[in-house]
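Coordinate-derived values only; no laboratory data. Quantities reported herein were computed from a predicted structural model and do not represent experimental measurements. In this analysis, Cβ positions are derived from the backbone assuming ideal geometry, glycine residues included, and neighbour counts consider all displayed protein chains.
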């Protein structure tokens, strides 16, 4: 059968543009033993993808020009030659494709129970971003009740989980985001103690007013927002480095790090987090806990769903404009085989 | 009695100059109960003092203009009203004065045994810098045998201890320093596996040739040297932030930190160290071990002794020119009461 898929047409210089993507039609073979033919329902777009579009080694190999773009997707099973799955199952995988259909290794899929929550959440609060925020905060950030926790990109898929998990754990939580709609959501609906709009407020000054210093900073952005937080770090602070979206489009190699002297002053710890370091048991633990909090009404989430597979590049580009509240998704199709 | 002392005459802007110091004569009272009249034999000058000359809070209060400069000193006891000390004892204290004589709280002094090592070492390898390097490496850096350890300002008082302790612990050790005389000392006498002259060599390229990546980076300098190291950090690296001398004279507030994305890639940890976090037991443990290694011939050190109390500012200013090999000291007087 044929499928449409998005391929990397050229590497971006600076900010990515629609020209970096090309929609093509390709022929899919039949699934071999162990493989599954899937039909995408939702596709994720995430800031980390900007790194894969660059021709530079990082924690994963770069994507090659001409190759299909990769993504986390939620899909339904059309045809399965894998013992765990059958037609109509809803599945999720992280390193799949920007494609309407795909033949994939069944071992790369996990089942999604549509009765527990909307299946799209398997790409957000009950998926990679949720698990990242959960373990990044609890394992790397190691907060204690009463700690002041600040999170940047707080209205995003990861940040909104981080702030709520911190609040549930008895921390004072301040979120930083880039729109009044976002800061209002954080304080009025998610229970953040305060929120700062970095586009209209002086972040450093506001942090000075709002906090007695910062014990845990969960950093999704880097750049000037992190500079503003830096001067307010407390003794024995922990900085969780999860994302640096402010610098993903940098065309010049920045100098840095600077201001490490702050870590001598505070004996602070700055540490990176990567979700793939957490194995199936830790994924399971995070997802069970996050799911329970959703059902108890303690954890809320939002999704910003762009409709139509042809709009996937636009959805991705929107991440760098800071327009999405919550998890940015592309709705690719309604289910045909699955009963949702 | 009268004493000469150096006071902070003005705060430096950028690089400190001789004009920032003023030599004055002041009257000392007699020691009260618990106090000791000391006569300085050696005075230390250290990079951290640049921070105290600045009008900014850090981990310690800034010094005030017109106040005497503080320093670690080795001194002999002239008169004691403290039960632990008597005339002729050799003592060491960290937060004493740039002064020929002083009346100080005896609780701020520790006895120095002149039979174990030259008493000047109580300001270097067997003093604050040695303890800093020992615990900074072992506690914060947490090296394992076979790890690649890189240390900047490697020929300095702290760096030379760090590199040798790492070598004794079975690590591969690369030192970075600013003169061929220093790099030769590191490799030929201290047993470093390699050394790089950052003033004449491409540090990043040399690290690429010399190592398979860096597991522990002990940073005494910050700035471009740290930038060069940064790109070679290994997965699960540890960066010990001990000093940032490259930035101590900065007149503009630097942006930063940048390049934290490297910590996502590596899940690396960057953490500050401050020697005052280590209590008397840990000081004792470090000094016993370092002393034993010196006696076994496993640990070597150098001192760069500037003669004459009036030259103390020059000795301090030399720290920023990178001219000293090993611990920078000022010899203030020969002993009059102590038998050395």
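With the convex hull drawn around the C-alpha atoms of the protein assembly as shown, the volume per residue stands at 167 Å³. For residue A:191, the point set 7 Å out from Cα toward Cβ sits 5.7 nm from its twins in the other copies, listed from shortest up. Legend: mean number of C-beta atoms from other chains within 10 angstrom of residue C-beta atoms, peptide A:245-257, equals 5. Using a simple spin-label model with pseudo-atoms 7 Å out from Cα toward Cβ, residue A:311 and residue B:231 lie 4.1 nm apart.
Seen against the Cα atoms of chain B and their longest principal axis, helix B:157-168 is set at about 50 degrees.
Between the C-alpha center of the stretch B:199-236 and that of the stretch A:1-59 there is a gap of 35 Å. Would you work out if the stretch A:21-139 is rounded, prolate or oblate? Take a ≥ b ≥ c from the square roots of the eigenvalues of the alpha-carbon gyration tensor; rounded if a/c is under 1.5, else prolate when a/b is larger than b/c, oblate otherwise. Judged from the Cα gyration tensor, the stretch A:21-139 comes out oblate (a/c at least 1.5, b/c at or above a/b).
The calculated Kirkwood hydrodynamic radius for the stretch B:130-224 is 12.7 Å, given to one decimal from all distinct C-alpha pairs. For the stretch B:129-164 versus the stretch A:143-196, the spacing of their alpha-carbon centroids is 39 Å. Ranked from largest, the principal axis spans of the Cα set of chain B equal 61, 46, 33 Å.
The stretch B:275-340 and the stretch B:78-109 have their alpha-carbon centroids 17 Å apart. Determine which residues of the stretch B:70-97 fall in the zone a paramagnetic label at residue B:115 would reach in this model, i.e. backbone nitrogen under 15 Å from the point 7 Å along Cα→Cβ. Inside the label zone: B:89-90. Inter-copy label distances at residue A:24, shortest first and taken from points set 7 Å along Cα to Cβ: 7.9 nm.
With both labels modelled 7 Å from their Cα along Cα-to-Cβ, the residue B:321 to residue A:9 distance reads 6.2 nm. Seen against the Cα atoms of chain B and their longest principal axis, helix B:280-295 is set at about 80 degrees. Judged by the gyration tensor of its Cα atoms, with axes a ≥ b ≥ c, the stretch A:261-340 is oblate; a/c meets the 1.5 cut and b/c is at least as large as a/b. Here the contact order of chain A, divided by its residue count and restricted to Cα pairs under 8 Å and six or more residues apart, works out to 19 percent. Our helix-only sum for chain B, with -39,500 (n - 2.57) per DSSP H run of n ≥ 4 divided by its residues, gives a mean residue ellipticity at 222 nm of -6000 deg cm²/dmol.
Distances between copies of residue A:116, taken at a point 7 Å out from Cα along the Cα→Cβ vector and listed shortest first: 6.0 nm. Here the stretch B:183-320 is treated as a Stokes sphere of Kirkwood radius computed over C-alpha pairs; at 25 °C and 0.890 mPa s its diffusion coefficient rounds to 137 µm²/s.
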